[in-house]
Amino acid sequence: VSVVERHPEMRLSVAEIARAAHISPNHFSMLFRRHTGRSFIKFLNEKRLARAQELLRNPTLGIKEVADRAGFDDPGYFTRLFRKHTRKTPRDWRRRV
């Protein structure tokens, strides 16, 4: 949890983390949900979106660069997820801030 909070941009997967912990991905997912109350992917996306909001305060960064620095491989997916989370596109959110 603390690694993701400090570095949400890291390219992490449930399978990689489970392998490093020598447990199955399903077992990791169950333990993570029990510990945090939400799925790993939801937790990771929340941290990445928070990082993206910080990055969007810098007007010199493009939306694609913000997405990449926040850990999203696909800028389109980032925009859809950002809009679902904030009810604004990254560009609109930036204008309001």
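Key figures
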{"item": "Selection count where residues are part of a helix (DSSP H, G or I) and open to solvent by less than 60 Å² (accessible area, probe 1.4 Å), scope the stretch 78-91", "result": "6"}
{"item": "Residue 36 vs. criteria among the β-branched types (Val, Ile, Thr), under 22 Å from residue 95 (Cβ atoms) and out of contact with any strand residue (DSSP E or B) (no Cβ under 6 Å at 6 or more places or on another chain)", "result": "no"}
{"item": "Matching residues, the stretch 15-45, being under 19 Å from residue 78 (Cα atoms) and buried (at least 16 other Cβ atoms within 10 Å of the Cβ)", "result": "40, 43, 44, 45"}
{"item": "Residue list for the stretch 46-65, restricted to those being exposed (fewer than 13 other Cβ atoms within 10 Å of the Cβ), assigned to a loop (DSSP other than H, G, I, E, B) and of a type outside the set (Lys, Arg)", "result": "58, 59, 60, 62"}
{"item": "Answer from 41, 63, 23 - the residue that is in contact (Cβ under 8 Å) with a residue 12 or more places away in the chain, under 18 Å from residue 4 (Cβ atoms) and of a type outside the set (Lys, Arg)", "result": "41"}
{"item": "Matching residues in the stretch 66-77 - criterion: being loosely packed, with under 13 Cβ neighbours inside 10 Å and part of a helix (DSSP H, G or I)", "result": "76, 77"}
{"item": "Complete set of residues in the stretch 6-28 that are part of a helix (DSSP H, G or I) and either β-branched (Val, Ile, Thr) or modelled with pLDDT of 85 or more (or both)", "result": "14, 15, 16, 17, 18, 19, 20, 21, 25, 26, 27, 28"}
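The values are calculated or read from the model by the stated rules, or taken from the named source; none is laboratory data. This is a predicted model, so every value here is computed, not measured. For neighbour counting, all protein chains shown are included, and Cβ atoms are generated from backbone atoms with ideal geometry for every residue, glycine included. Surface accessibility is based on the protein's heavy atoms, side chains included, excluding ligands, DNA and RNA. Shrake-Rupley method; radii C 1.70, N 1.55, O 1.52, S 1.80 Å.
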